[in-house]
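A short worksheet on the structure shown next.
The values are calculated or read from the model by the stated rules, or taken from the named source; none is laboratory data. Just so we're clear, the structure is a prediction, and the values are computed from it rather than from any experiment. Neighbour counts are summed over all protein chains in view; Cβ atoms, including those assigned to glycine, are modelled from backbone coordinates with ideal geometry.
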Amino acid sequence: MTRVLPTIPPELVVVDEDEPCPYLEGHTARRPLRVPIRPLSPEELDARLEAGDRRSGPFLYNQRCPSCSACEPLRIDVRSFEPSSSQRRAGRKGDRELIVEIGEPLVDEERVALFGKHEELRGLRQRERALDTQEYARFLVESSAPAFEIRYRLASTKQLVGIAITDRGARSLSAVYTYYDPDFARLSPGVYSILTQLRLCQQMSLRWLYLGLAIEQSAHMRYKLAWYPHERRIGGVWTRFEEGAALDGTPALR
């Protein structure tokens, strides 16, 4: 049954039930889906991100799993971030070979095909078929928060090779979903996209870049742990991790 949460703005809880975990095989997940009754302001989005929320299309959700706490929301402190040597190399390569464009989220056959290729070749598809244009729009264009699209094109041919859907808060950006053409993995487009979002945060004088859920046990979600310093929300508390933190979650204090 739909229920209303007394948040600002109020939210409708439209789904709240156990489901197979999309990240860890054999685990049970519970991610109540909520819909704000109106679009969130940048300040309201910040409050949701601070509380550990993520967005998917018009829905907000967080983890309420009955017997697992592997998913940890992660954010990068833009003011103190220092790229690693490999991240610097990826940044230089991307600057040479890619063009960055920013605009409103769009849906067309080119984007849908690129998204499908990304899912298929990287082993990420959990459905029987690829998304169609309407499903893509519901997932990546519809939004309950201020959002924009970062486009990555080859400088040589202008071919679209990556998209990063990004939310804009008053003090933060949130990386909602990034996909790219696996044929151009040599350009490290995922790394370059995070570097681009960090640069945008710096240009906009924003404190945080939220990367979503980090899961050390998941090959597809572990990469976020390589960005330092970062904070992870563990037991409802944002905990800072410096480079050299142990994989068991023990912060390396400095």
- Message: Can you say whether PHE59 is within 21 Å of TYR223 (Cα to Cα), buried (at least 17 other Cβ atoms within 10 Å of the Cβ) and modelled with pLDDT of 95 or more, as far as the supplied structure shows?
- Response: no
- Message: Condition first: within 20 Å of TYR210 (Cα to Cα), part of a loop (DSSP other than H, G, I, E, B) and without any contact (Cβ under 8 Å) to a residue 60 or more places away in the chain. Can you find one or more residues in the stretch 95-109 that meet it?
- Response: yes
- Task: Look at the stretch 45-70 and say how many of its residues are under 21 Å from SER144 (Cβ atoms) and either part of a strand (DSSP E or B) or in contact with a strand residue (DSSP E or B) (Cβ under 9 Å, 6 or more places away or on another chain) (or both).
- Result: 18
- Task: Working only within the stretch 21-36, note down all residues that are among the hydroxyl-bearing types (Ser, Thr, Tyr) and under 25 Å from ALA145 (Cα atoms).
- Result: TYR23
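Residue by residue through the stretch 169-205, note down the ones that are of a type in the set (Phe, Trp, Tyr) and part of a helix (DSSP H, G or I).
In the first step, residues of the stretch 169-205 are kept if they are of a type in the set (Phe, Trp, Tyr); the result is 177, 179-180, 184, 192.
Scanning the stretch 169-205 gives PHE184, TYR192.
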- Item | Subset of the stretch 41-56 that is surrounded by fewer than 17 Cβ atoms within 10 Å (Cβ to Cβ) and small (Gly, Ala, Ser) - its residue that is farthest from the chain's Cα centre (by Cα) | SER41
- Scope the stretch 186-200; condition hydrophobic (A, V, I, L, M, F, W, C) and surrounded by fewer than 23 Cβ atoms within 10 Å (Cβ to Cβ); matching residues: LEU187, VAL191, LEU195, LEU198, LEU200
- Note on the structure: Looking across the stretch 215-237 at residues that are part of a strand (DSSP E or B) and touching a strand residue (DSSP E or B) at 6+ places or on another chain (Cβ under 8 Å), the single one that is farthest from GLY91 (Cα to Cα) is ILE234
- Note on the structure: Here the residues within the stretch 74-92 that are assigned to a helix (DSSP H, G or I) and either surrounded by fewer than 16 Cβ atoms within 10 Å (Cβ to Cβ) or in contact with a Pro (Cβ under 6 Å, 6 or more places away or on another chain) (or both) are ARG79, SER80, SER85, SER86, ARG88, ARG89, ARG92
